[in-house]
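Report on the following structure.
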Amino acid sequence: MADYEEIINKLKTDRENAARDAALIVDESSAAKFKTTYLSPSSVLAESTQAIKSLDGQFKPLVGQASNEHKQYLTRLYDQAIASLKEKQLKASLSSEKLDITLPGRPVHRGRLHPDTQILRELLAIFSDMGFQVFQSREVETDEYNFQLLNFPVGHPARDMQDTYFMDVPDRGDNPLVLRTHTSPGQIRAMREIAALNPSDPPPVRVIVPGMVYRYEQVDVRHETQFDQLEGLAVGEGITFSDLKGTLTDMARRLFGPDARTRFRASYFPFTEPSAEFDIQCFQCKGAGCGVCGGGWLEIGGSGMVHPNVLRNGGYDPARFTGFAFGFGVQRIAMLRYGINDIRYFWDNDLRFLEQF
Amino acid sequence: MKAPLSWLEDFVEIDLPVARLAHLLTMAGMEVEEIRVIGLPLPEPGSTTAQLSGFEWDREKLVVAEVTEVMPHPNADRLVLCKLNDGKQEHIVLTGAPNLFEYKGIGTLAQPLKVAYAKEGAQLYDGHQDGLVLTTLKRTKIRGVESYSMICSEKELGISDEHEGIMFLDPALVPGTPLVDVLGDAVIDVNLLPSFARCASILGLAREVAAITGKPLNAPRFSPPPATSDSAWASLEITDPSLNPRFVLGLIRDVKIQPSPERVQHRLKLAGMRPINNIVDATNYAMLELGEPLHAFDYDVLHKRANGNAVKIITRAARQGETLTTLDNVERKLDEGTILVCDEAGILSLAGVMGGLESEVTATTRNILLEGASWNMIHVRRTAKAQNLPSEASYRFTRGVHPSMAENGVRRGLQLMSEWAQGKPDPLLVDAYPKPFTAPEVEITTQDVKRWLGLELSAVRIAELLARLEFKVEVSGDSVRATCPDHRMDIGEGITGKADLIEEVARIHGYDNIPETRIKDALPLQLGNPTLRRTDHVRDLLTALGLQEIISYRWTTPEKEGRRLPKDAATDDKPYMRIANPLAYEKAFLRHSVVASLLDTAERNARHAVKMALFEIGPVFLQSEDPSGLPDELTSLGVLLAGQRSPSGWQKADTAAMDYYDLKGVVEDLLESLHIADVNFKPGDHPSYHPGKCALILAGEQQLGVMGEIHPAVRERYDWGDTFKAPILAADINLDLLLSLIPELSRTKDIPAFPAVVEDLAIVLDETIPAVDAEKLIRQVGGKLLADLQLFDLFRGGQIGEGKKSLAYRLTYQAPDRTLTDSEVAQVRNRISKRLDQELGAKLRS
Ligand SMILES: [Zn+2]
């Protein structure tokens, strides 16, 4: 027969003990010990709950309430202690799991496009925005397409301007096979293909012809004997030299920024008339002259109005149509853009070069 | 073409700094490659794109002086002492110049020698060093005699390479005059494009300078002696006017052959020619000045060959087997097509290229027959090339010399010879001009200019620009009729002539003054370029798969490419396209194989790479039956993998060497991404590959390519260095075919709406049965409900037993319209295992 007051006192002592022990919960085992001492079936709380039924009726509700409050108190103490324990553990783990964030990351093997392809894509995108579509043309050409139809007659001194590789194919007379010396045969092939769509009223032409060309030339840091060229051709009923200047200046702006300027110098190419070489103002020195450029301008390529004979050879009546054409070395642009010092790097395919792009 | 400004100024006033002039010429199509100053200040670097050379002469320290006496040196035979007056005082100057020795010890000279005198502290080129090295003249003692000044050679002043003797100046010069005031000059070196043949002369360049700067041209006028077609001393026969449109002969008697005047020699040197004697110099001087190459014959030799009769000059093409000993004493075999100047006794010279030895002008020549002609430039070009005889004359004739210039050239030559060699020119010229050149007449309108250039110019302005270039012009309304002047042959007729004139208008108006516009024409039909688009897609997929793109030279050799096959295997028997004039044998053949290029690249990189994952897209060249004779240019895709699978870092990586299945993964992913239908692989048999690790890549029945591990006997034909041990894997794919199989449209599957049932199935079957057979059968039986099938384990040995393998698959069952029941799945599963057993003898592994 439990005494009412004794139970109340026990609960009170238990409460004080619990408050003291809760403060001692520092890890899982001290937490478990607290739970066993105060919240298990052998705890003071459980005893007092057991004892209720042997009390006199009047005391039953009082002890019941006290036990209940005590239980809530203990549970709260326990939950709080566990929460603060978890928080401490998290803090400890965060401060112990500190990486050396300066160590290198896991290496990834990325695939890359050749720098020539990268710059060519950029150029093709620029001209595509201006309505120029890509036309591709063969690398081994006949003399007829590489020279004669482009207004280089057999034996003409202009042929000395383009040192030529001839293919060893006998009995071709004045029409030997050559490695194309420029992408310009693509002009004839493109015009003929497009004119054939409607020979009596040929559609306008606006194409860009990228591709490998070949010159018989000793190789050094600035000269290659195989190089990538980009040819542009626009033929229509209102194409002018001023359009040529504007188009290439637009290209220069896209490549080198909105302040880019171009310069056109009179020149000679058999397949254009008037002919011009075009320069872009040096982006390093803005025209003042520096080690990259020499006199403030970077020589880029050749251009001009399509010669009447060439228009005619392409199937376009020169009395009705005019056209402009231009061509330049793709690697030249890449070398300027990426500060490449040696043109021989391009086809040498040293991975230590290619993996920089 | 080297042009001294002083010579240009004979014909046009130049009031611009030389750098500005060089810029204007360059912009107008005559690129000035070099500016060499002779004593004048150097242009600012950066003010011109031309190379600069030469140096500025100090006005005080470099002056004209006169040598009044040449005395022997007391201690040295090879030195002399000169008594010299520099206009202020007398000096004794030491020199070793051999060209003073003839004056040694003869006392005071009756006619003092005018020389270039350098005082202490003057800047000069060092005459004793190779090349041009500037040095400062210092006081020193030579053989006991104090020396603080010197008499200059041409090299020391930067005039020529001459350093043997000192330079003599015009006897009329006054001592003390700053040297720069007498000799100061600048020489521009102009790179002449083929269309600027008319500028291969001082007068030609002066004409352009006049046109560009708007100054008048003071062209020389010749009082013409009457011309005839023959005379008492010579007659002409041109057998083919297309080879030789015009031939002019002059005669000058009683010439005294001696050195030319100093100022003439000086000009020739500045223009890059060596003075020889007054006759040769006169021909060269006239050529440089007017652009007409001349040839001087010893008339008496020809007269003798004609047995004392009048000389008959015949021009014709060479016949087979003819030879001529040219004046360089080389006997030359002549090609047919070589144009010859002959007399009735035989060949005299190679027209426009080089004279014969026999009729050459010598020290004893007295009478000169002077030739000025025009020749077919294509023939001269061929001859100059075949005989390897580039010369100042052939330089001009191979670019075209207008026939009208022959006459003026001969007149100028005779004039100079009479002046310098005291000869007496015959009043007659003999002239044959069977095919007179008709000057083209071209009409252009303001509308033409607008149509070509996008520029509004008045007819008057157009006419004015053309008149500056000596076109005869006539304006009527909007139209200008222009007649070509008689020194140029680059202007065509009709619409070509229009284009030619438009260029001249643009050039003289200035390209800078033409606006920049955007194309106003309608945009042409936009069809794109599907081949390029697809090729670029392949490139992107391969780079996404971790591959590096390479681009190789197209040339190779059969031996180099032959390494892609084992030594004892049959060689590549397709004939190569060969270059007739390669830079080197290594660059003489166009490649047959992109894989060969990849192997070469990998070989070069093996020393410094641990992983190579490469691809190249490009043409291979194969002879074809096409009537054009052009080869087939087939686009190939080559892939090469070798080395460790993942790059190493400081953490553990998969450093095992890549194998066949790495390559297959790349190829499979590529083909799947391109939506190529019905891809399958068959064991392949190709000599480049390991016989057990080679597959044919097929789409349906079409063979896309071959892939596998490179045959060990091929691998050992390349030098991989000491460290690179990994197998080499390669694929060779016909890109043209692959691109043609990419469907224009592909279908995307919906995301499944109902849950899947996933089960594993492990089977044991004979080693000899390819895995693909089991997979095909499972898919076939699984039908539509089998949404996915993946092999996740391959096991051999243990309880599996000898000659068997175990394949474990993960099967995903799914229906698009409902959740599958257990019994539906069980039915399919049972059918699959039954069929595997029946058809492949494959047992379920428990
Ligand atoms: Zn610059």
>> Being among the β-branched types (Val, Ile, Thr), within 11 Å of chain B (Cβ to nearest Cβ) and in a strand (DSSP E or B) is the requirement here; does A:ILE239 meet it?
In response: no
> How about the stretch B:23-47: which of its residues are outside any loop (DSSP other than H, G, I, E, B) and closer than 26 Å to B:ASP512 by Cβ?
Replying inline: B:HIS23, B:LEU24, B:LEU25, B:THR26, B:MET27, B:GLU31, B:VAL32, B:GLU33, B:GLU34, B:ILE35
> Within the stretch B:92-188, which strands (runs of 3 or more DSSP E) (wholly inside it) include 2 or more residues that are surrounded by fewer than 21 Cβ atoms within 10 Å (Cβ to Cβ)?
Replying inline: B:108-118, B:134-136, B:140-142, B:145-147
> Among the residues of the stretch B:189-203, which ones are away from chain A (no Cβ under 12 Å) and in a loop (DSSP other than H, G, I, E, B)?
Replying inline: B:SER201
> Listed residues B:PRO631, B:PRO582; which is within 26 Å of A:GLU217 (Cα to Cα) and out of contact with any Leu (no Cβ under 7 Å at 6 or more places or on another chain)?
Replying inline: B:PRO582
> Restricting to the stretch A:202-252, what's the tally of residues that are charged (D, E, K, R), touching a Gly at 6+ places or on another chain (Cβ under 7 Å) and either more than 21 Å from A:ILE280 (Cα to Cα) or without any contact (Cβ under 8 Å) to a residue 60 or more places away in the chain (or both)?
Replying inline: 1
> Which of the residues spanning the stretch A:190-216 are assigned to a helix (DSSP H, G or I) and either of a type in the set (A, V, I, L, M, F, W, C) or within 12 Å of another protein chain (Cβ to nearest Cβ) (or both)?
Replying inline: A:ALA190, A:MET191, A:GLU193, A:ILE194, A:ALA195
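Conditions tested, residue by residue: (1) of a type in the set (Gly, Ala, Ser); (2) in contact with a Leu (Cβ under 7 Å, 6 or more places away or on another chain); (3) away from every other protein chain (no Cβ under 14 Å); (4) in a loop (DSSP other than H, G, I, E, B).
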residue: B:GLY400; (1), (2), (3), (4): yes, no, no, yes
residue: B:ARG412; (1), (2), (3), (4): no, yes, yes, no
residue: B:GLN415; (1), (2), (3), (4): no, no, yes, no
residue: B:GLU419; (1), (2), (3), (4): no, no, yes, no
residue: B:ASP431; (1), (2), (3), (4): no, no, yes, no
residue: B:PRO436; (1), (2), (3), (4): no, no, yes, yes
residue: B:VAL449; (1), (2), (3), (4): no, yes, no, no
> Quick check: anything in the stretch A:337-356 within 16 Å of the ligand (Cβ to nearest atom), within 29 Å of B:TRP452 (Cβ to Cβ) and not hydroxyl-bearing (Ser, Thr, Tyr)?
Replying inline: no
> Looking at the stretch A:313-330, is at least one residue within 16 Å of the ligand (Cβ to nearest atom) and at the interface with chain B (Cβ under 9 Å from one of its Cβ atoms)?
Replying inline: no
>> Name the single residue that is farthest from B:LEU525 (Cα to Cα) among those in the stretch A:246-265 being more than 16 Å from the ligand (Cβ to nearest atom) and in contact with a Ser or Thr (Cβ under 7 Å, 6 or more places away or on another chain).
In response: A:ARG265
> Looking at A:ARG180, is it buried (at least 19 other Cβ atoms within 10 Å of the Cβ), within 16 Å of the ligand (Cβ to nearest atom) and under 30 Å from A:PRO157 (Cα atoms)?
Replying inline: no
> With B:LEU729, B:LEU745, B:LEU739 as the choices, which residue is at pLDDT below 95, within 60 Å of the chain's Cα centre (by Cα) and closer than 28 Å to B:HIS675 by Cβ?
Replying inline: B:LEU745
> Before we move on, is A:ILE343 surrounded by fewer than 21 Cβ atoms within 10 Å (Cβ to Cβ) and away from every other protein chain (no Cβ under 12 Å)?
Replying inline: yes
> Only one of (1) without any contact (Cβ under 8 Å) to a residue 24 or more places away in the chain; (2) at the interface with chain B (Cβ under 10 Å from one of its Cβ atoms); (3) away from the ligand (no atom under 16 Å from the Cβ); (4) not hydrophobic (A, V, I, L, M, F, W, C) is not met by A:PRO270, so which one is it?
Replying inline: (1)
>> Any residue that is in the same structural domain as A:PRO153 (by TED's automatic domain parsing), closer than 17 Å to A:LEU248 by Cβ, within 16 Å of the ligand (Cβ to nearest atom) and buried (at least 24 other Cβ atoms within 10 Å of the Cβ) - is there at least one of those in the stretch A:274-282?
In response: yes
> Looking only at the stretch B:703-742, which residues are part of a helix (DSSP H, G or I), closer than 20 Å to B:ARG604 by Cβ and in contact (Cβ under 8 Å) with a residue 60 or more places away in the chain?
Replying inline: B:VAL714
> Across the stretch A:299-312, what is the number of residues that are within 16 Å of the ligand (Cβ to nearest atom) and crowded, with 22+ Cβ neighbours inside 10 Å?
Replying inline: 1
> Conditions: (1) out of contact with any Leu (no Cβ under 9 Å at 6 or more places or on another chain); (2) surrounded by fewer than 18 Cβ atoms within 10 Å (Cβ to Cβ). A:PHE357 meets all but one. Number of the miss?
Replying inline: (1)
> Among the numbered criteria (1) within 11 Å of another protein chain (Cβ to nearest Cβ); (2) closer than 30 Å to A:ASP342 by Cβ, which single criterion is violated by A:GLU122?
Replying inline: (1)
> Any residue in the stretch A:283-295 that is touching a Ser or Thr at 6+ places or on another chain (Cβ under 7 Å) and either part of a strand (DSSP E or B) or within 16 Å of the ligand (Cβ to nearest atom) (or both)?
Replying inline: yes
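The values are calculated or read from the model by the stated rules, or taken from the named source; none is laboratory data. Because the structure is predicted, anything quoted here is derived from the model rather than measured. Neighbour counts are summed over all protein chains in view; Cβ atoms, including those assigned to glycine, are modelled from backbone coordinates with ideal geometry.
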